[in-house]
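Have a look at the structure below, then the notes.
Only the coordinates and a few stated rules stand behind these numbers; no lab work does. Fair warning: this is a prediction, and the values are worked out from it, not measured in the lab. All Cβ positions, glycine included, derive from the backbone under ideal geometry; neighbour counts span all protein chains shown.
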Amino acid sequence: MTRHFPLIAFCLSAAALTLSVTGAQAQTLANHNSNAPVNFAADRIEVQDRADRVVVSGNVVVDQAGLTLRAARMTVAYRQVGSIEIDRIDASGSVVVTRGNETARGNVAIYDLNRRLITMLGNVQLVQGSNRLSGGRLLIDLASGRSTVDGRSAGGPPGSVTGSGGRVSGTFTVPQRPAANR
């Protein structure tokens, strides 16, 4: 096996992270081409063969068919079982995922491929046009298709809340109707 395989696996896994985080808004994934080429750029990439890990840092940008992930750092944990299998992807440092007018932001994003769970932690914000949702944690269960935003903080135990009261807040636009129909 050559050293290039972890880089290929990193690219494919980074795309999966991008797709899944955006999946909090379910219709977004329906038409996304997950077979499209994955492009990435960063200031530095380090393959840690003995640790089965790839670390990409410094202005990390991953793009696939209009979905873009930006972060200060990404770590991809994999195992070699004849081929490379990705177990987990961690993105940290102002993580931002965008597609069109939809954006998900958080301090950290963790994609557990084995459990098919994506967790975005710390100052989570979801924006779709003029609709906005904020909380402490976003949990996306890819197996069930269920997404949950709650007020838990990134560092505390379950049940702990953010300094702002641990509440989820949002603004949703309402279609405007003529004055006669109000």
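Once phi is turned into ³J(HN,Hα) by the Karplus curve 6.51 cos²θ - 1.76 cosθ + 1.60 with θ = phi - 60°, what whole-Hz value does each residue of the range 38-47 show in order, with x for glycine and proline?
So the Karplus estimates, Gly and Pro as x, are 10, 10, 9, 8, 6, 6, 7, 10, 10, 9 Hz.
Using modelled backbone amide H atoms (1.01 Å from N, in-plane), which distant-in-sequence or interchain residues come within less than 5 Å of Val38's amide H?
Placed amide hydrogens put nothing under 5 Å from Val38.
What is the distance, in nm, between label points placed 7 Å from the Cα along the Cα-to-Cβ direction at Arg146 and at Asn131?
2.0 nm
Going by average Cβ density within 10 Å per residue, which order do the peptides 126-132, 97-103 take, highest to lowest?
Those peptides, ordered most packed to least, come out 97-103, 126-132.
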